[in-house]
1. With label points built 7 Å along Cα→Cβ from the Cα atoms of residue 79 and residue 100, find their separation and express it in nm.
2. If I take R0 = 30 Å and measure r between the Cβ atoms of residue 111 and residue 177 in this structure, what FRET efficiency does the formula 1/(1 + (r/R0)^6) give, to the nearest 0.05?
3. Suppose each label sits 7 Å from its Cα in the direction of the beta carbon; what would the residue 125-residue 59 distance come out to in nanometres?
4. What's the extension gain from residue 148 to residue 134 if we count 0.36 nm per residue and subtract their Cα-Cα distance?
5. Extent of region 77-178 along each principal axis, from alpha carbon coordinates, in Å, largest to smallest?
6. Tell me the net charge near residue 139. Cut-off is 12 Å between Cβ atoms, residue 139 excluded, with +1 for each Lys or Arg and -1 for each Asp or Glu.
Amino acid sequence: LDREGGGQALTGPSAQAGGAVPADGPGRRRSAGAAAAGGPGHPEDDPGDPEAVARAICLRLLAVSARPRAGLAAALARKGIPADAAGRVLDRLTEVGLIDDAAYAQSFVASRHRQGALGADALRDELRRKGVDTETASSAVAVVDRDAELERARAFLERRVDSAMAHGPETARRRLLG
């Protein structure tokens, strides 16, 4: 670290030659070659072709986890990608199978229901908030076993009542009824 300025000191051939590498935002630096050529060091550095930037953003997001089309569209809009370019990229990614709302919804329902955290209605609502259309969300939630859901709710209530009753009837009444 540079003790006087509090920033990072440049070392290596670039610093010795006097050629500073320009910063492109917090914690990101473009390579000396990319800076000199005017090319991007990161897909978001130089807007250039909006479709190329949109594709790079989508692929980076999809590499982390599956996402619904609406979620990717929202991410592209936040990055300032024009709607027509975003639409073309999303259409192409859907065409090649990288975006599949039905598969996303099925995976989401399977993982959340397995954890026991959400019931069918809550799962459907969550999928709708994530931008999955109603028909796809309902189809994905149809696999939820209603009897198992009811049994899980019953077990939850029993645990809740038992826990509250351990502290006496007045405390239980207050905790259970609000």
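The numbers here are math on the coordinates, done by the rules we state, and not lab data. Worth saying up front: this structure is predicted, and the values here are computed from it rather than measured. Here the Cβ positions follow ideal geometry from the backbone for every residue, glycine too, while neighbour counts run over all protein chains shown.
1. It is 2.3 nm.
2. On the way: r = 33 Å, r/R0 = 1.10.
With R0 = 30 Å, the Cβ-Cβ based efficiency is 0.35.
3. 3.9 nm
4. Values: separation 14, 0.36 × 14 = 5.04 nm, distance 2.32 nm.
Answer, rounded to one decimal: 2.7 nm.
5. 63, 31, 18
6. -2
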